[in-house]
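The values are calculated or read from the model by the stated rules, or taken from the named source; none is laboratory data. Keep in mind it's a predicted model, so treat the numbers as computed, not measured. Methodologically, a virtual Cβ is constructed for each residue, glycine included, from the backbone with ideal geometry; neighbour enumeration extends over all protein chains shown.
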């Protein structure tokens with residue numbers, strides 16, 4: 001299957017996430033809101049990412065902090081310099097600005113609510129090698 005890079009949120013994560021998906025898959029972000037942070041050159045982006053089973057999102061970074069909450073399914077979060085962390089429904093995560101990350105969904109896929117606070121005017125996600 002041909003693969004393409006899809007920039008989404010939540011980072012996906014997700015919230016503005018750079019994700020690698022097959023051509024047949026719909027975009028992972030279902031709903032998204034974006035608003036300015038008053039008095040700062042920042043914006044907040046909130047979204048819900050629905051990640052298909054066994055999807056490796058793709059290594060990427062964000063120009064700000066990302067946090068998320070697993071609503072359904074299971075996700076393995078991989079942040080450079082840290083041990084992989086399996087997240088289940090009801091668990092949350094936080095990723096510092098510019099940290100290179102990736103994630104993989106489990107057999108049942110995953111649904112994640114994610115929020116990023118990023119520098120305004122910069123790309124939401126940048127693919128990483």
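Quick check, is residue 113 assigned to a strand (DSSP E or B), farther than 24 Å from residue 35 by Cα and within 15 Å of the chain's Cα centre (by Cα)?
Answer is no for this residue.
Which one of these is at positive phi and surrounded by 14 or more Cβ atoms within 10 Å (Cβ to Cβ): 47, 58, 90? Spell out the reasoning first.
Working: 47 fails: at positive phi; 90 fails: surrounded by 14 or more Cβ atoms within 10 Å (Cβ to Cβ).
Going through 47, 58, 90 in turn, the sole match is 58.
Rundown of residues vs (1) touching a strand residue (DSSP E or B) at 6+ places or on another chain (Cβ under 7 Å); (2) in contact (Cβ under 8 Å) with a residue 40 or more places away in the chain; (3) farther than 30 Å from residue 37 by Cα, yes/no style:
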residue	(1), (2), (3)
61	yes, yes, no
71	yes, yes, no
75	yes, no, no
82	no, no, no
87	yes, no, no
91	yes, no, no
97	yes, no, no
105	yes, yes, yes
108	yes, yes, yes
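Within the range 120-129, track down each residue that is surrounded by fewer than 17 Cβ atoms within 10 Å (Cβ to Cβ) and in contact with a strand residue (DSSP E or B) (Cβ under 6 Å, 6 or more places away or on another chain).
120, 126, 127, 128
Considering only the range 93-109, state which residues are on the phi > 0 side of the Ramachandran plot and outside any strand (DSSP E or B).
98
Just checking, does the range 14-31 include any residue being part of a strand (DSSP E or B), farther than 16 Å from residue 105 by Cα and modelled with pLDDT of 80 or more?
Checked the range 14-31: no residue is part of a strand (DSSP E or B), farther than 16 Å from residue 105 by Cα and modelled with pLDDT of 80 or more.
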